[in-house]
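Comments concern the structure below.
No value in this document is a laboratory result; all are computed from the given coordinates. A quick note: this is a predicted structure, and the numbers were derived from the prediction, not measured. Positions of Cβ are generated from backbone atoms using ideal geometry, with glycine treated the same way; all protein chains shown enter the neighbour counts.
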Amino acid sequence: MDYVYKVALHIDSNYAYHVAGFLAHGLLPDEKITINWKRFLSYLTGYIGDILRSENVVIPEKFYYTGSFVSADMTRQAYFHELESAGINRVSFPLRSANAGQGLKEDAVDTTLVFNATKNFYS
């Protein structure tokens, strides 16, 4: 019986959102790129399988991390829908007020992402 390699995917959605926006604007006028998250997951599974020399790679745990309850969420609903349609689950955190009226700030999103990824690695 072959070993099944399980991979967990943890995405910083704010960073991925900005990368997707950069790609969508294109490096050159005719190079506009969009990210198809379902195809990305398929590619990632195959790529990891090639590295491990195994066809038994699965990604059962897929998460994207984001802050919640901000107007920016309304402008990102299509982006969040794309991630969720690909089977990537949302993990959201409340935002807190920043100093000197600078809007809202994410609190513990990055550290929780790293903590959960590390916990997945060792379990």
Report ³J(HN,Hα) in whole Hz for each residue of the stretch 63-68, in order, from the Karplus equation J = 6.51 cos²θ - 1.76 cosθ + 1.60 where θ = phi - 60°; Gly and Pro get x.
9, 10, 10, 8, x, 10
Rounding to the nearest 20 debye, state how big the charge dipole of the stretch 1-94 is about its Cα centre with +1 on each Lys and Arg Cβ and -1 on each Asp and Glu Cβ.
100
Inter-label distance for PHE121 and ILE35, nm, one decimal - labels placed 7 Å from Cα along Cα-to-Cβ:
2.1
Karplus 3J(HN,Hα) series, Hz, for the stretch 45-57 with 6.51 cos²θ - 1.76 cosθ + 1.60 (x for Gly, Pro):
4, x, 4, 5, x, 5, 5, 7, 6, 8, 9, 9, 10
Residue by residue, what Karplus-based ³J(HN,Hα) values in Hz, rounded to whole numbers, does the stretch 114-121 have, using 6.51, -1.76 and 1.60 with θ = phi - 60° and x for Gly and Pro?
5, 4, 5, 5, 5, 4, 4, 4
Between VAL7 and LEU44, with labels modelled 7 Å along Cα→Cβ, what's the label distance in nm to one decimal, could you check?
0.8
